[in-house]
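The values are calculated or read from the model by the stated rules, or taken from the named source; none is laboratory data. Being a predicted model, the structure only gives us computed values, none of them experimental. Note that we place each Cβ from the backbone using ideal geometry, even for glycine, and neighbour counts take in every protein chain shown.
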Amino acid sequence: MTWKQMFTSSVGKKFVMALTGIFLISFLVVHVGLNACIWANDNGKMFNVAAHFMGTTILVRIMEIGLFLGIIVHLVQGYILNLQNQKRRSVGYAVEYGNRGSKWYSRSMGLLGTLLLLFLIMHIWHFWTPSRFGGMWSVQPLSEVTYPGTQIEYHNLYAEMLTVFQNPIIVILYVIGCISLAYHLMHGFESSFRTVGVHNNRYLTLIRYTGRGFSIIVSLAFAMMPVSMYLGWVK
Amino acid sequence: MEHYNMDLTLKIWRQKNRQSKGGFRTYEVKNISSEMSFLEMIDVLNEQLIMEGKEDPIAFDHDCREGICGMCSMYINGKPHGPWKATTVCQLHMRAFKNGETITVEPWRANSFPVVKDLVTDRSAFDRIIQAGGYISVNTGNAVDGNSVAVDKEKSDKAFYAAACIACGACVAACKNSSAMLFVSAKVSHLGLLPQGAPERQTRVVSMVAQMDKEGFGSCTNIQACEAACPKEISITNIARLNGEYLSAGLTMENKLTT
């Protein structure tokens, strides 16, 4: 079998979805961990230093390219597969019972993914572009901050967060984004491991419960960030 | 369970041939016994249609009528093989329905299963997938003495559960992607788990998946609707096993496979 055959058959295309999916899941671990620094209650110092590290370390910047590639491959392949799969049944059923035995979010990965994409565009525009390109497309120019003991000027991303999350509509949109993420992961986490061939029932059980826990905890943690900033829970 | 008779309204898909458009026709049947099977109820309707002489009887697939051949295939009220779990439509009995109910009957819907006539679909795509690799190439001879070939009990159980697949196509009918993965994975598991089928594991999975793609079935998104619709309760764990077999073939097979 050739590499091309391996990744372009119907099973192979799913490998691509699963592998990029698992990669994006691993990114979420890093993202949620770093962002949790806002709760250090030190007026954003720990968070800004962590963000500075991520933004200035060469290895992280290289991995960032991989991250964007991963997202693009995952979403393009996802849309292509979704479209192709829909075309497999030209004449539909008159009675759609819903699918007995399947969950609505498992059947709606395309829709949830689209919501996530819309969220991601907004999210990148809020934080990533101003941090990388200065105030170019920023909501407001990023303020710089220095901390005693160092001469480094840090992007005050913490202040950016505080500003962005003063708007209740933005906070609600972020919470909707996090709910979409939770349901997307609720199916995607377990499904990706099944797709790469995990069929041992002991591991499947482990992955199922890890996946559900991960989806809820990570999404809840993300959702609590804008909410706690809006409600002034962070100092 | 108490016996009762019922009058029913049936909305049934009628289609003259592959090319024609087709549509629903409504029929009334009276005095249907709750102990009849669903196919017997259709037989009664067909007798009625023949007696009236106005239109052709309804064409539908059936053979053994005891739930093992995999020929019967009706999508009843939005479910492949009807409302009962782990039951083919021939084993679905009329006690599943109430007097005065309206029942909608459709053929399997998938471009890979074109409608031949009324409720009959062409499922030869499955045969071609089997021809692509769902077999053992050599004659493995007579039954050998018990235990002369060691087979792990756990594996033999899994192989037997997978071998229960009757290739009816309900998995494709239930799947939103019209994917045939449950069927193909049942065959791959059934043969690959046993010692006689093991030497051809890699070529088998690659050839069968290639044929499955050629036939135009969709890809699997692990939504599990197939497993719920399967009259033989084939587990989707088989699909994960197929994925694993395919991955290992993809990583280690040196020769390009021509199919």
Counting just the residues of region B:158-200 that are charged (D, E, K, R) and in contact with a Leu (Cβ under 8 Å, 6 or more places away or on another chain), which one comes out surrounded by the most Cβ atoms within 10 Å (Cβ to Cβ)?
-> B:Lys158
Inspect region B:116-127 for any residue being more than 15 Å from the chain's Cα centre (by Cα) and outside any strand (DSSP E or B) and give the result as yes or no.
-> yes
What are the residues in region A:91-121 that are among the hydroxyl-bearing types (Ser, Thr, Tyr) and either farther than 15 Å from B:Cys175 by Cβ or more than 7 Å from every other protein chain (Cβ to nearest Cβ) (or both), if any?
-> A:Tyr105, A:Ser108, A:Thr114
Candidate set from region B:196-223 (those that are of a type in the set (Lys, Arg) and under 22 Å from the mean Cα position of the chain (by Cα)); member that is nearest to the other protein chains (Cβ to nearest Cβ) = B:Lys214
Subset of region B:50-64 [surrounded by fewer than 16 Cβ atoms within 10 Å (Cβ to Cβ) and of a type outside the set (Val, Ile, Thr)] = B:Met51, B:Glu52, B:Gly53, B:Lys54, B:Glu55, B:Asp56, B:Pro57, B:Asp63, B:Cys64
Quick check: anything in region B:57-72 not in a loop (DSSP other than H, G, I, E, B) and not assigned by TED's automatic domain parsing to the domain that holds B:Glu227?
-> no
Please specify each residue of region A:75-90 satisfying the condition of being in contact with a helix residue (DSSP H, G or I) (Cβ under 7 Å, 6 or more places away or on another chain) and either of a type in the set (Asp, Glu) or within 7 Å of chain B (Cβ to nearest Cβ) (or both).
-> A:Leu81
Name every residue in region B:235-258 that is more than 7 Å from every other protein chain (Cβ to nearest Cβ), in contact (Cβ under 8 Å) with a residue 40 or more places away in the chain and surrounded by fewer than 17 Cβ atoms within 10 Å (Cβ to Cβ), in order of residue number.
-> B:Ser248, B:Thr252
Within 14 Å of chain B (Cβ to nearest Cβ), touching a helix residue (DSSP H, G or I) at 6+ places or on another chain (Cβ under 7 Å) and not in a helix (DSSP H, G or I): does that describe A:Met1?
-> yes
Filter pass, A:Met6 being outside any helix (DSSP H, G or I) and within 13 Å of another protein chain (Cβ to nearest Cβ) = no
Return yes when A:Val95 is among the β-branched types (Val, Ile, Thr) and at pLDDT 95 or above and no when it is not.
-> no
Pick out, from region B:174-230, the helices (runs of 4 or more DSSP H) lying fully within it that include 2 or more residues that are polar (S, T, N, Q).
-> B:181-192, B:201-214
Looking at this structure, is B:Lys232 of a type in the set (Lys, Arg), more than 8 Å from chain A (Cβ to nearest Cβ), within 26 Å of B:Lys176 (Cβ to Cβ) and surrounded by fewer than 19 Cβ atoms within 10 Å (Cβ to Cβ)?
-> no
Meets criteria (assigned by TED's automatic domain parsing to the domain that holds B:Lys176 and crowded, with 21+ Cβ neighbours inside 10 Å) for B:Ser219 = yes
State whether one or more residues within region B:99-114 are over 14 Å from the mean Cα position of the chain (by Cα), surrounded by fewer than 21 Cβ atoms within 10 Å (Cβ to Cβ) and closer than 27 Å to B:Lys214 by Cα.
-> yes
